[in-house]
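We did not get these values from a lab; they are worked out from the coordinates using the rules stated. Small disclaimer: the values here were computed from a predicted structure and weren't measured. Ideal geometry is used to build each Cβ from the backbone, glycine not excepted, and the neighbour counts take in all protein chains shown.
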């Protein structure tokens, strides 16, 4: 998938809810990701920013979460 063809993103809060995982843990895991991995910052009024993910980003985050669970049992 070409990165410039992303037509929708999902907020990190929604991904955390969908995966039934703590949002703070997911936020920490996204620090290992780059824009090419599907991480997108959405900026709003007064410098308010929300972390969002493309579908590729969600898939990458799931992989990181699985690795985290394997190594932090």
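Return the residues of region 12-35 that are in contact with a helix residue (DSSP H, G or I) (Cβ under 7 Å, 6 or more places away or on another chain), surrounded by 12 or more Cβ atoms within 10 Å (Cβ to Cβ) and over 14 Å from residue 63 (Cβ atoms); say none if nothing qualifies.
12, 13, 16, 23, 27
Kindly provide the set of residues from region 36-49 that are exposed (fewer than 14 other Cβ atoms within 10 Å of the Cβ) and outside any loop (DSSP other than H, G, I, E, B), ordered by number. Write out each step before concluding.
Of the residues in region 36-49, the ones exposed (fewer than 14 other Cβ atoms within 10 Å of the Cβ) are 36, 41-49.
Once the filter is applied, which keeps residues that are exposed (fewer than 14 other Cβ atoms within 10 Å of the Cβ) and outside any loop (DSSP other than H, G, I, E, B), region 36-49 yields 36, 41, 42, 43, 45, 46, 47, 49.
Within the set of pairs 6 or more residues apart or between chains, which connect a residue that is free of Cβ contacts under 8 Å to residues at least 40 places away in the same chain inside region 16-36 to a residue that is loosely packed, with under 13 Cβ neighbours inside 10 Å with Cβ atoms less than 7 Å apart?
16/22; 36/3
Being surrounded by 16 or more Cβ atoms within 10 Å (Cβ to Cβ), out of contact with any helix residue (DSSP H, G or I) (no Cβ under 6 Å at 6 or more places or on another chain) and not in a loop (DSSP other than H, G, I, E, B) is the requirement here; does residue 52 meet it?
Working: surrounded by 16 or more Cβ atoms within 10 Å (Cβ to Cβ): yes; out of contact with any helix residue (DSSP H, G or I) (no Cβ under 6 Å at 6 or more places or on another chain): yes; not in a loop (DSSP other than H, G, I, E, B): yes.
Yes; evaluated as a whole, the condition is true for this residue.
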